[in-house]
Amino acid sequence: MGWFSRKKESPPEFPSEQYEPVLRCSICTGEQVACMREREGGKLREIMLIRDEEDLERFRKTYGVTGEIRKIY
């Protein structure tokens, strides 16, 4: 273990009753950001930038997302 090693932080938990996973997509650039959207207020919490399928699979595995993810433009 090094002197300046970082602690592994666990990702924040988002209860499925309150949040739904969505992809916020740009029409112009095609950029995609994985977000958690509040079901009642609609507020988005950005989680990570999706650059390729590996990033999307990491997001799915980390937050236990199964099925289709809705896209918001």
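Suppose every K and R has +1 on its Cβ and every D and E has -1 on its Cβ; what is the size of the dipole of the stretch 19-72 about the Cα centre, in Debye to the nearest 20? The partial results should precede the final answer.
Working: 11 positive and 11 negative charges, 41 e Å.
Computed about the Cα centre, the dipole is about 200 debye.
Over the chain, the hull volume per residue, using the convex hull of the C-alpha atoms, is 129 Å³.
Our coupling estimate for the stretch 32-38, obtained by passing each phi through the Karplus curve with A = 6.51, B = -1.76, C = 1.60 and θ = phi - 60°, is 10, 10, 7, 9, 10, 10, 5 Hz, Gly and Pro reported as x. Taking amide hydrogens as placed 1.01 Å from N in the peptide plane, the amide H of I47 sits under 5 Å from those of A34, C35, M36, each at least 5 positions away in sequence or on another chain. Our helix-only sum for the chain, with -39,500 (n - 2.57) per DSSP H run of n ≥ 4 divided by its residues, gives a mean residue ellipticity at 222 nm of -4500 deg cm²/dmol. Helix 53-63 axis versus longest C-alpha principal axis of the chain: approximately 80°, rounded to the nearest ten.
For the chain, lysine pairs with C-alpha atoms less than 25 angstrom apart, excluding pairs fewer than eight positions apart on the same chain, total 5. Rounded to the nearest whole Hz, the Karplus-based 3J(HN,Hα) values (6.51 cos²θ - 1.76 cosθ + 1.60, θ = phi - 60°) of the stretch 14-29 follow the sequence 10, x, 5, 6, 9, 10, 10, x, 9, 10, 8, 10, 8, 5, 6, 9, with x at glycine and proline.
Where a number appears in this text, it was derived from the coordinates with a stated rule and is not lab data. Everything numeric in this text was worked out from a predicted model, so none of it was measured. Neighbour counts are summed over all protein chains in view; Cβ atoms, including those assigned to glycine, are modelled from backbone coordinates with ideal geometry.
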